[in-house]
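These notes are about the structure you will find just below.
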Amino acid sequence: MLPKLINRSGRPLRRTLLRRGERYASSSISSPEVLNDFGKHHVTKGLARISEGVMVKGSGSYVEYVDGKRMLDFTCGIGVTNLGHSHPKVSQAAADQCMNIVHAQCSIAFHEPYLRLIEKLLPAMPHPSLDSFFFWNSGSEAVEGAIKMARVLTGRQNVITMQGAYHGRTFGAMAVTKSKTVYSDGVAPLMPGVFSIPYPFWHQHRLPPSTPPSVLTEECLYQLHLLLSQQTSPKDTAAIIIEPVLGEGGYVPAPKEFLEGLRAVCDQHGILLIVDEVQSGFGRTGNWFFIEESRIRPDIMLMAKGLANGFPLSGVVSRKELTDKLAPGSMGGTYAGNAVSCAAACAVADAFREENILVNVQARSQELFASLYALKDDQTLAQYILDVRGRGLMVAIEFASSEAPGAAFDPATPKGLTVKKGIASRVAKKCIEKGMLLLTTSVYEVVRFIPPLNISQEDMKKGCDIFAESLREVVKEG
Ligand SMILES: Cc1ncc(COP(=O)(O)O)c(C=O)c1O
């Protein structure tokens, strides 16, 4: 049984969040450590965590742990709480919906928040053709839905994905995920009919970080043409799926010309282009959706994460002309498009407009980039920093590494330098010790910054300072 936590006055902990420094009455009854250990014992080891402790509260850019520890959150629960934790309007909308109807099952009838949400999202779509929606629970499910739709609509089986892509952990999503082997180690056989091409990320081509986007684009489109003539003919290829900003693969925005090239190939061969904006969408990169930069038309676009600011909700949007060909009943799910999640998402869409979120993203993004470039320009640190990249508040810094895959063959690995081992995870860990949650990403030495989109100037500065201090300490430690 879960040990019951009490504070010194004997009141149950759940009702009273401890103030900093307050201690527990008796660790023999229970303590935050005991609760943490309980979790370690009973929660599957397959689930990894970056911090110790038990989270009990989230408010704006901060989360609090059961022991009173307060952390600045530069992870947003992996790019989800874009409007900060427990945004009052979003939480209120969800609470109100709870008092009306919670489970208005989508195959029984329409429910109002579902339809209101579509009404609010339509003007934000990156292309007017995207007018037919299906809501699900998670990003992975949205990916599953898109693959299924592409196969059914084209009558073709194969899907082309990108090296370094992350699309989720369910079976279809796992098959098109190529960011790390850990997601599918020991699981094969995976869904068949998946092929991959390189992403326009300099590492994947053994080119320096300064390589012009046009060169990377040509490399990748060349590989795509080769793939379509050697491995999966266009008449067997249902879809190309792409994260317009490679997430788990290293936070790399795709150049406009590459996205245009994919669109042209899809148009030429009747292949569907699936754009996965699960992480890059909802203001994360400074626009509602990253794909707006290139103005290309996705055939199917996927969203989740920031869509409902923490309530489980994902979306698959396409054009009516396509979705009209789906057999009724072929899409669905018990909890798909839950009314509480949809009501929260409506409030998110309103808050985006009312609170000028995109303006704040631009301002804070400039400050974050300026701070990272200052580190890159610093003589004592420059040699360890390979790249600073991203868009909006989806930003990464990459460190030089001698342990990166294929480092011995990679000209990007600085020769003759004392490269710091595991620098990204060491810096992230130090930031956590200093009170800021931060994530790494990719098989390279990359730290990613995904702060709330409405973060204040003060908290952005605080985060940048903690990061700089942590980096300096790690470099000093050797
Ligand atoms: C681009 C992208 N697609 C799909 C997913 C999977 O979403 P979920 O974890 O909600 O299943 C993620 C999750 O990180 C993602 O970043």
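Just to be sure I follow: if Rg is taken over the C-alpha atoms of the chain and Rh is the Kirkwood radius over the same atoms, what is Rg/Rh?
0.97
According to the Cα gyration tensor, what semi-axes, each the square root of 5 times an eigenvalue, does the equivalent ellipsoid of region 319-380 have, listed from largest to smallest in whole Å?
42, 18, 13
Lys235 to Glu321: FRET efficiency via 1/(1 + (r/R0)^6), r the Cβ-Cβ distance, R0 22 Å, to the nearest 0.05?
After rounding to 0.05, the efficiency reads 0.55.
How big is region 125-274 by Rg and Dmax over its Cα atoms, in Å?
15.0, 43
How high is the relative contact order of the chain, given as a whole-number percent (alpha carbon pairs under 8 Å, six or more residues apart)?
So the answer I get is 20 percent.
For Asn356 and Arg70, compute 0.36 nm times the residue count separating them, minus their Cα-Cα distance, and round to one decimal in nm.
This chain segment gains 100.3 nm when fully extended.
Please compute the modelled spin-label separation between Lys180 and Asp377, points set 7 Å along Cα→Cβ, answer in nm with one decimal.
Taking the simple label geometry, Asp377 and Lys180 are separated by 3.4 nm.
Quick one: order Leu227, Leu453, Leu47 by neighbouring beta-carbon count within 10 Å, fewest to most.
The most exposed by this proxy come first: Leu47, Leu227, Leu453.
Work out the FRET efficiency for His269 and His41 from their Cβ-Cβ distance, taking R0 = 56 Å, and round it to the nearest 0.05.
Once the sixth-power term is evaluated, E becomes 0.60.
Which one of Met394, Leu368, Thr440 has its Cα pushed farthest toward the positive end of the charge dipole of region 357-477, where Lys and Arg give +1 and Asp and Glu give -1 at the Cβ?
Thr440
Calculated FRET efficiency, Lys434 and Lys148, Cβ-Cβ r, R0 41 Å, to nearest 0.05?
In this case the efficiency is close to 0.35.
At 7 Å along the Cα-to-beta-carbon direction for both Met191 and Ala363, put a label point, then send me their distance in nm to one decimal.
In this crude label model, Met191 to Ala363 measures out at 4.3 nm.
What would the Debye formula give as log10 I(q)/I(0) at q = 0.12 Å⁻¹ for the alpha-carbon point model of region 357-477, no solvent?
-0.42
Which of rounded, prolate or oblate describes region 88-354 when judged by the alpha-carbon gyration tensor and an a/c cut-off of 1.5?
prolate
Can you give the extra length, in nm with one decimal, that the chain gains between Ala370 and Ile78 once fully stretched, where that is 0.36 nm per residue apart less the Cα-Cα distance?
Gain on extension, Ala370 to Ile78, equals 102.8 nm.
Treat the count of other C-beta atoms within 10 Å as a stand-in for reagent exposure and order Ile78, Ile300, Ile357, Ile450 from fewest to most.
With the fewest neighbours first, Ile78, Ile300, Ile357, Ile450 line up as Ile78, Ile357, Ile300, Ile450.
Neighbouring Cβ atoms within 10 Å as the yardstick, rank Tyr65, Tyr251, Tyr373 fewest first.
Exposure proxy ranking, most exposed first: Tyr373, Tyr65, Tyr251.
Quote to one decimal, in nm, the extra length available between Lys461 and Arg295 on full extension: 0.36 nm per residue of separation minus the C-alpha distance between them.
Gain on extension, Lys461 to Arg295, equals 56.5 nm.
How big is the antiparallel share of DSSP beta bridges in the chain, given as a percent to the nearest 5?
Antiparallel bridges: around 65 percent, rounded to the nearest 5.
Coordinate-derived values only; no laboratory data. As the structure is a computational prediction, the values presented were derived from the model and not from experiment. Cβ sites come from the backbone with ideal geometry, for glycine too, and all protein chains shown count toward neighbours.
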